[in-house]
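Undergrad: If you scroll down you'll find the structure; I have some questions about it.
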Amino acid sequence: MEFVDVVKKRRSTRRFLQKEVDDSLLKEILEFVARYAPSSRNTHSTSFLVVKDRSILEKMALMRDYGSAFLSLAPAAVVVLGDELKTDLYRENCAISATLLQAAIVDRGLSSCWIHVLDRPREKDNAEAGLAEAYLRDVLKLKDDNLRIECVIALGYADYVPKPLPEFDYQSAVKWL
Ligand SMILES: Cc1cc2nc3c(=O)[nH]c(=O)nc-3n(C[C@H](O)[C@H](O)[C@H](O)COP(=O)(O)O)c2cc1C
C-alpha cells in the first residue's frame with residue numbers, strides 16, 4: 001500500500017469481526033516493526049507481547065473503567081513494553097514503535113486501536129483505585145519490573161468503517177519562523 005494510503009486509512013477501530021488473525025501474519029508484522037522502528041541511541045528498548053487468549057483479553061479489558069472495554073472482543077492484542085534500564089527515552093521509543101505497528105497493521109489489511117496504559121488510572125474519577133499498569137502487570141504475570149507497559153494495541157479485521165473525524169484547523173498546527 002502507498003504510504004499516503006496507509007496514513008489515511010489508519011483509523012481507531014474498536015469493533016472487530018470474529019475472524020482469527022494468523023500467527024504468521026502477526027509474527028511478520030511484529031518482526032518488521034521490531035527490526036525497523038528507530039530508537040534513541042539505537043537502544044532497541046521496545047518489545048512486544050502478543051495475547052490471543054480470550055480469557056486473558058477479557059481480564060485486560062478491565063484495566064480501566066473507560067476506553068478499554070472493547071478489548072474483550074478483539075481477536076488479538078499486542079502489549080507494547082519499554083525497558084527502562086536500556087534508556088530513559090523508553091516511552092518515546094515505545095510510542096514510535098506502536099505508531100509504526102499501527103501503520104504496518106493497516107498495510108496488511110487489519111485495523112487497530114491504541115489503549116493507553118502508562119500512568120493511566122484504573123478509574124477515571126478515583127485516583128485511589130490504582131494504576132492500569134499495575135493491574136495489567138498482574139494479569140500478564142510480568143516479572144521484570146524494568147519492563148514498563150506503554151500501551152496495548154487491540155487489533156483484528158474491522159467490523160465497520162469509522163465515521164469521518166470532525167474537521168479541524170490543521171493548518172494552524174504548522175508555524176514557520
Ligand atoms: C497516545 C494515544 C492514546 C490513546 N488511548 C486510547 C484509549 O485508551 N482508548 C481508546 O479507545 N482510544 C485511544 N486512543 C485512540 C484515539 O482516541 C484516536 O486516535 C483519536 O480519537 C483519533 O481517531 P483516529 O485514530 O480514528 O484517527 C489513543 C490514541 C493515542 C495516539
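Undergrad: For the stretch 1-60: of the residues being in a loop (DSSP other than H, G, I, E, B), touching a Ser or Thr at 6+ places or on another chain (Cβ under 7 Å) and more than 25 Å from S72 (Cα to Cα), which is nearest to the ligand (Cβ to nearest atom)?
TA: Of everything passing the filter in the stretch 1-60, A37 is nearest to the ligand (Cβ to nearest atom).
Undergrad: Restricting attention to the stretch 145-170, which residues are part of a loop (DSSP other than H, G, I, E, B) and touching a strand residue (DSSP E or B) at 6+ places or on another chain (Cβ under 8 Å)?
TA: Passing the criteria: N146, Y157, D159, P162.
Undergrad: Only one residue in A74, A127, A95 is among the small types (G, A, S) and more than 13 Å from the ligand (Cβ to nearest atom). Which one?
TA: Testing whether each residue is among the small types (G, A, S) and more than 13 Å from the ligand (Cβ to nearest atom) leaves just A127.
Undergrad: State which residue is farthest from L100 (Cα to Cα) when the search covers only the stretch 24-53 and only residues that are surrounded by fewer than 12 Cβ atoms within 10 Å (Cβ to Cβ) and touching a residue at least 12 places away in the same chain (Cβ under 8 Å).
TA: It comes out as R41.
Undergrad: Provide a single number: the residues in the stretch 141-164 that are in contact (Cβ under 8 Å) with a residue 12 or more places away in the chain, within 16 Å of the ligand (Cβ to nearest atom) and loosely packed, with under 15 Cβ neighbours inside 10 Å.
TA: The number of residues fulfilling the criteria is 3.
Undergrad: More than 16 Å from the ligand (Cβ to nearest atom), outside any helix (DSSP H, G or I), modelled with pLDDT of 95 or more and within 17 Å of the chain's Cα centre (by Cα), is that true of V79?
TA: no
Undergrad: Among the listed residues E84, E123, identify the single one that is surrounded by fewer than 18 Cβ atoms within 10 Å (Cβ to Cβ), in contact with a helix residue (DSSP H, G or I) (Cβ under 7 Å, 6 or more places away or on another chain), closer than 21 Å to R41 by Cβ and in contact (Cβ under 8 Å) with a residue 40 or more places away in the chain.
TA: That would be E84, the only listed residue that is surrounded by fewer than 18 Cβ atoms within 10 Å (Cβ to Cβ), in contact with a helix residue (DSSP H, G or I) (Cβ under 7 Å, 6 or more places away or on another chain), closer than 21 Å to R41 by Cβ and in contact (Cβ under 8 Å) with a residue 40 or more places away in the chain.
Undergrad: Given the residues G109, G82, which is the only one that is on the phi > 0 side of the Ramachandran plot and of a type outside the set (F, W, Y)? Quick ask: steps written out before the conclusion?
TA: Details: G82 fails: on the phi > 0 side of the Ramachandran plot.
Only one candidate passes the filter, namely G109.
Undergrad: I would also like to ask the following. Do we have E92 as loosely packed, with under 14 Cβ neighbours inside 10 Å and part of a helix (DSSP H, G or I) here?
TA: For E92, the condition - loosely packed, with under 14 Cβ neighbours inside 10 Å and part of a helix (DSSP H, G or I) - is not met.
The values are calculated or read from the model by the stated rules, or taken from the named source; none is laboratory data. From a predicted model like this one, the values you see are computed outputs, not experimental measurements. With ideal geometry, Cβ positions are generated from the backbone for all residues, glycine too; neighbour counts draw on all protein chains shown.
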